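Values quoted throughout were computed directly from the atomic coordinates according to the rules given, and no laboratory measurement underlies them. This structure is a prediction, so every number in the text was calculated from the model and none was measured. So basically every Cβ, Gly included, is an ideal-geometry build from the backbone, and we count neighbours across all protein chains shown.
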Amino acid sequence: MRGQSAGNRNNSEILGLPRLTNAAVVSLVTYSPGEELYTAFGHSCIRVKDDGLGFDRLYNYGTFDFNTPYFYLKFARGDLLYELAVGQANAEINEVGVAGQGVSEVVLDLTEAQKQQLFGDLEVNLLPENRAYHYDFIFDNCSTRIRNVFERTIGQQLSAPIKRPRTFREMLDPYFDRTPWIQFGVYLLLGAKVDRVATGREACFLPADLESAAESASIHGASLKSRKVRVFEPRGLPQPIRLITPSMYSV
């Protein structure tokens with residue numbers, strides 16, 4: 001990722017950002033899966049809320065131009081250009097929740113210095129020259145970018161708890177239950193890498209697994225998670241009518 005550092009100066013100092021107050025709260029916001037393909041795996045954002053400074057910002061590495069030609073093809077192949085954007089947290093969270101997706105928030109137990117570092121890191125990556133990146137379905141997406149930000153902040157890797165080894169295909173299968181033809185096409189485009197076993201760190205490419213990693217992580221024996229809040233409960237997704245599925249053609 002570009003714009004991660006500049007010499008020995010703090011990013012907050014470089015940009016002239018305000019010093020966060022004692023009231024500042026940093027959290028991982030996770031959305032449950034939605035109906036559209038680009039929401040089918042859920043979503044992750046970082047919330048920085050400071051009542052002392054009067055702002056509530058939601059940093060989102062998952063913005064894109066939906067009018068991009070061959071959108072779904074580029075989405076799966078990793079040719080789609082994504083950007084970091086920031087919005088008003090309450091408004092965006094309420095919009096997602098009212099639409100039917102579940103929203104949970106894991107508040108992180110960070111020091112004041114860590115909160116300031118994370119805030120500065122995000123603002124540097126929000127600069128026009130830094131905000132865009134080439135999306136990769138597995139290895140560089142809106143969740144792995146957040147994982148990377150957290151790792152730079154706490155100085156150690158995040159890893160989702162692993163009960164048993166799973167391939168990327170096994171991790172993705174439950175999310176494709178409603179869309180077997182899209183599953184067929186995405187796996188075809190991803191090729192052999194989808195059948196490789198994922199490490200705990202790589203598993204964070206899925207928002208739910210990134211959330212699990214944040215909840216289970218500890219720093220010097222202390223939990224990274226301060227608390228978890230369920231903001232909205234998810235509503236059930238409609239099940240499509242399946243007249244023909246790819247499995248009908250398998251031998």
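So here's what we get for this one:
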read-out: Anchor Lys115: lysines whose Cα lies under 21 Å away (excluding residues fewer than 8 positions away in-chain); value: Lys49, Lys225, Lys228
read-out: Sparsely packed trypsin sites (Lys or Arg not before Pro) within segment 135-184, loop by DSSP, other Cβ within 10 Å at most 11; value: Lys163
read-out: Ellipsoid equivalent to the chain - semi-axes via the Cα gyration tensor, in Å; value: 32, 19, 19
read-out: In Hz, Karplus ³J(HN,Hα) per residue of segment 227-233 (6.51, -1.76, 1.60; θ = phi - 60°; x = Gly, Pro); value: 6, 10, 10, 8, 7, 9, 7
read-out: Listed peptides 115-121, 187-193, 14-20 by packing density, highest first (mean Cβ within 10 Å); value: 115-121, 14-20, 187-193
read-out: Percent of C-alpha pairs per 5 Å bin, segment 133-247, short to long; value: 2, 10, 17, 19, 18, 16, 10, 5, 2, 1, 0
read-out: Reach of Lys74 by Cα under 25 Å, taken over lysines that are not fewer than 8 positions away in the same chain; value: Lys193
read-out: Under DSSP loop assignment and at most 15 Cβ neighbours within 10 Å, longest GluC sites (Glu not before Pro)-free interval of the chain; value: 130-251
read-out: Relative contact order %, segment 115-251, counting alpha carbon pairs below 8 Å whose residues are six or more apart; value: 27
read-out: Cα gyration tensor shape for segment 27-171, rounded if a/c is under 1.5, else prolate or oblate; value: rounded
